[in-house]
Amino acid sequence: MTVWDRPEPPTRPVPLDRERIVAAAVALADEGGLEAVSVRKVAARLDAGPMRLYGYISTKQELFDLMMDEVQAEILLTEQPGDWREALGVLAHRTRQAALRHEWLADLLGSRPTLGPNGLAVTEATLAALDGLADVDTAMRAAETVSAYCTGAIRREVANLRAERATGQSEHDWQRASGPHVMRMLATGRFPALTKAVHDGADVDAEASFSTGLDWVLDAVAAGLTRPPA
């Protein structure tokens, strides 16, 4: 039985429900990451005893599942886009934006099946956009491919943001600091392709990089959807 199937306990003298518990947990995670979330800390924020919370959640992982589902409400489409490519693109960008607002989401993306109502609605919107374009197995692989790209790109971007805060260096600061070492290594002639990329490559921001990669993935998905069955 999942946490969504299990009924909440009766109301007690101190008002408490899963909605308040999840809101407190999300606030803690927004402030300090998943490591800042514990049953004890959530209970303290709600002025309740920790044992009270176990009537509503059985494990910390259940709390994470509820938190993720809460944030996935921010990803849901308010209206259905015109075609599958636009729909998957909008969902991908909304997922990235949600992860930038709640960086801890990057740690949970792809880690467990999303079984809550909002997570299932996001999955439904994804598969509905692909419905009728190919057989169900091809549509599933297409959805998984886009999801895998988004998860990887978002995790990398969030990791870079965390590194900047931890070191106090922006990406440009880090590049300047590491520049002499990199130039010495490139001067050896052992890395010709990397040398060309460093000297000739354009400086692209994270949003533009995400959008470009997503377009390439969607191009590949489009080719897969139109490929004749083997």
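We did not get these values from a lab; they are worked out from the coordinates using the rules stated. Owing to the predicted nature of the structure, the values given are computational and were not obtained by experimental measurement. Please note: Cβ atoms are built from the backbone with ideal geometry, for glycine as well, and neighbour counts cover all protein chains shown.
Run the dipole for the range 60-105 about the Cα centre, Lys and Arg Cβ at +1, Asp and Glu Cβ at -1, nothing else charged, and hand back the magnitude in debye, nearest 20.
Working: 5 positive and 9 negative charges, 40 e Å.
In total the dipole reaches around 200 debye.
For the range 47-153, calculate the relative contact order in percent as a whole number, restricting contacts to Cα pairs under 8 Å that are 6 or more residues apart.
Values: 67 pairs, mean separation 33.8, N = 107.
Rounded, it is 32 percent for the range 47-153.
Which value, in debye to the nearest 20, gives the size of the charge dipole of the chain about its Cα centre, when Lys and Arg are +1 and Asp and Glu are -1 at the Cβ?
On the way: 24 positive and 33 negative charges, 188 e Å.
Charge dipole of the chain: 900 debye, to the nearest 20.
Distance between Cα centroids, the range 110-158 to the range 201-221: provide it in whole Å.
Comparing the Cα centres of the range 110-158 and the range 201-221, I get a distance of 18 Å.
Report the one residue of 50, 9, 23 whose Cα lies farthest in the direction of the positive end of the charge dipole of the range 1-116 (charges on C-beta: Lys and Arg +1, Asp and Glu -1; origin at the Cα centre).
Of the options given, the answer is 50.
Please determine, in degrees from 0 to 90 and to the nearest 10, the orientation of helix 18-32 with respect to the longest principal axis defined by the Cα atoms of the chain, where the helix direction is its Cα long axis.
40 degrees
To the nearest 10 degrees, how steep is helix 60-72 against the longest Cα principal axis of the chain, on a 0 to 90 scale?
70 degrees
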